[in-house]
Amino acid sequence: LCRGGLAERLCRLQNRERSAISFWRHQCISDAKIPSDKSGVLIVKILEMFEECTIQVAICQQLEQSPATLSSKDAVINAGEPILKVLFARETAAHLKSRPQDVIHIYPPWQKLILRNADVPVIMNTYFSLKVLPSEHSETREKTYGLTKMLIRKNIISLAETFRLDDVDDELHHQTSDHQVTCAPQIHNNCDSKKHPLAQSAVNDSLLEMVESQGAVGWREAQVRVVIQRVYCLPTREGYGSRVQGNKPLLSNRGMFCRLCLLVQDAYGMFSEVQLQPLNSADDVEQYCRRWEGKFCCLAGMKILQRTTRGRALGLFSLIDSLWPPVVPVKVPGQSQDSEMMTTNLAPPSFCYILTVQSGEIHVEVDEEEQISNLYQPPAVHGLKEILRMDGCNERCSFWAQVLYLRLQTKQSVPINQREICLFVTDSTLQNMVHMIPKVVAVSVAASCVLSTEITEALSVTSQFVFFKDALWGKGMIICVERTVLLLQKPLLYSAAGADLSELTGPVRLDELDSTTQANSICAVRGTVVGVNESTAFSWPTCDRCGNGKLELCPQDRGSLYCSQCSEVVISPVLKMQLEVFLSCSSRPQSTIKVKVWHEMSFGLFVLINMLLSLQSYEVQSVLGKEVGLLNCYVRSVTSHPNCIALEEIVLL
Amino acid sequence: MDSTLPAVAEELLKEIKKAFKETSHGTDTFSFRLKFIFGPCAVPALDLVDQRSVTRVTSPSGRTAYQVLGSSGKLYTCYSSCHFCTCPAFGFTVLQKSESLLCKHILAVYLSQAMGACQELTVSEEQLTNILLADEEDEG
């Protein structure tokens, strides 16, 4: 059975009812007396009986009081007494073994149904029924009944008797049914909400109630009012866009297909993730964040995608935990609205419903004009120094930092747009520290963290200040995963618990290479050249347009170079030269320090350098013993046996 | 005497349809009644509705039929002009033993109509004929 569906619900109710019925019957038998509670009891006398399918239909007369006190002679049909049609289920009928003239007491809960074109009301759900015999003739009657077998007429219902669900009024109403047409859903603006028919229906404030009362067949009209705590994008499986743009092949194709999502919370503190429409790129997320976070929103016509639990959705729950406990008291279901629970002792939620919109219209109305809700918890911004000191694992954290350097994961098997990016960031809390804390921290951006093209373009050009919202901190690393949002501007609302969010004054400093330097970090190096790895020294031309390092010889003109990515001849290639230099550094005297050094030169010097390299006459001698100034380097690897550090010279953004 | 049960069933379904048009939280009432009138079909029929198994198939001339995807994965056809379903339970319980008004598939058709949960499919005249004829051949 569908979880949360109507069938499951009925099953549950049925089971409860069944046990109630058998309990009641058992009680009647064991008490050996008629239950004394007379309120709501229907007393009827059967006039005529017949069967339709397995239901026994009894045409009865409703009696004022029990005829147990009357003699059988008095029990005559009184023209004034109302006539009823009482239906008995097969099991009840078998239990009652009733005949015409019998008096039956029907205990609540029974149900009455009035048919439109008939005068006679119908009584159903008559599970709790008892036959009451008039006292005088009880014994003789029983014996007679036991002997004669009663035949009941069975009505065979014609198959042609179909049910018409349409009324005359209904014919004017367009019958709603789900169409297979998929329309582009639109989010209604606030200005439409007054005219929209949704505004007329009752608005609920409990997500759980909406979910439980509707089941899997999504209701269109019921609305729930919730607060939008977070807005973010989740990558969809449908496709990872792969557009290669211009000169920067490294970062360009992060344009994954993604879906706009909201994390909402209702007045009872319950969370739900609402998945909205797919977006082509994450570019609008910053706008939605700005316009929607903290505002109230009405959801209608939601479909339940999943009910997920803490163990299955760690990422989602780490975000929920960061918003727990609620900042204002929340309501408690079942209690009057005046008593509100203190929030300090509430356990964090263990389950969460993931909702999605039905195909067709979207019913998400965000009240952008209204004030921010008190329930909203803006991201708590901390300085990086504080974050590095945090205990715990899988904690969401938000910070504002300057990106100094960017490195793409080099696994060739993974497509470029799904590779991890490593950002090296710093802020004033790290820069102003003297020791024991690194000046620069690595932030790993997983492929599941959706980046807007604005961010990726900005990051590849120059050093940027970026707001990292809801990144994950754990095991000594900061990572950006699903539900983390990177923004170029600070959000309008955030709580800065003593964090210093001022811009950096003065140039950025990197840690100098020393004994504590670890792999996958950046540092500054100074030392003396003690050797050159001649076997690894080489130079190669690259395309000046796209940076392609794999140029080919032109098929037509063997003297020229051709770039297959640009599909054009390269007129002035940029020469890249790579050299590995061994340094001796006073800050880390025990290690062999190998630095891969890059130099780019323009075509003009190409010929000269080429000659010099081939002659190999000058560089080694003239380079040995030279002092190398502060080089900014990326630490590729650190090994202890042999004690060696491999560095690569980098250019900071 | 006129039959009672069909009128009761029809009224019940009309109520359900009305309840689904307005916002109603008291859906338990109709659940109980549904169970009382339709007995063992009620829960399976609701399950079919939950799973959106009912499709109304229409042809350009306006003829309709219903196709219900049963729990076993088999597609059954229900007629719209009278109570008929190609499933074996209908033949046995309704036709032979007259123990029930409908089978779970026909009830699911009515409930889906009442709750607006019918899928819609438009086919050509020929295709609709094939749907109806194909079932005839199976019966034969």
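Residues in region A:92-121 that are surrounded by 19 or more Cβ atoms within 10 Å (Cβ to Cβ), more than 11 Å from every other protein chain (Cβ to nearest Cβ) and in a helix (DSSP H, G or I): how many? Selection size over region A:92-121: 1. Of all positions in region B:119-129, none carries a residue that is more than 26 Å from A:L113 (Cβ to Cβ), in contact with a helix residue (DSSP H, G or I) (Cβ under 8 Å, 6 or more places away or on another chain) and charged (D, E, K, R).
Here is a yes/no grid of residues against (1) within 15 Å of B:L48 (Cβ to Cβ); (2) more than 8 Å from chain A (Cβ to nearest Cβ):
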| position | (1), (2) |
| --- | --- |
| B:C82 | no, no |
| B:C87 | yes, yes |
| B:Q96 | no, yes |
| B:L111 | yes, yes |
| B:V123 | no, yes |
| B:E126 | no, yes |
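Residue under question is B:K74, and the condition is that it be on the phi < 0 side of the Ramachandran plot and within 12 Å of another protein chain (Cβ to nearest Cβ); does it hold? No; evaluated as a whole, the condition is false for this residue. Within region A:1-49, being modelled with pLDDT under 75, within 17 Å of A:Y127 (Cα to Cα) and in contact with a helix residue (DSSP H, G or I) (Cβ under 7 Å, 6 or more places away or on another chain) holds for one residue alone: A:P35. Scanning region B:43-78 for residues that are in contact (Cβ under 8 Å) with a residue 24 or more places away in the chain and among the hydroxyl-bearing types (S, T, Y) turns up B:S53, B:T55, B:T58, B:S59, B:S61, B:Y66, B:S71, B:Y76, B:T77.
Taking the criterion of being part of a helix (DSSP H, G or I), surrounded by 18 or more Cβ atoms within 10 Å (Cβ to Cβ) and acidic (D, E), the only residue of region A:271-303 that qualifies is A:E286. Restricted to strands (runs of 3 or more DSSP E) entirely inside region A:391-496, those with at least 1 residues that are over 26 Å from the mean Cα position of the chain (by Cα) are A:395-408, A:421-426, A:441-445, A:464-474. For region A:514-529, a residue qualifies if it is over 43 Å from the mean Cα position of the chain (by Cα) and surrounded by 14 or more Cβ atoms within 10 Å (Cβ to Cβ), and the qualifying residues are A:V525, A:R526, A:G527, A:T528, A:V529. Could you tell me whether B:T58 is crowded, with 21+ Cβ neighbours inside 10 Å, more than 10 Å from chain A (Cβ to nearest Cβ) and over 26 Å from A:R9 (Cβ atoms)? Answer is no for this residue.
The values are calculated or read from the model by the stated rules, or taken from the named source; none is laboratory data. In this text, all values refer to a predicted model and were calculated from it rather than measured experimentally. Cβ coordinates were reconstructed from backbone atoms using ideal geometry, including for glycine residues, and neighbour counts include every protein chain displayed.
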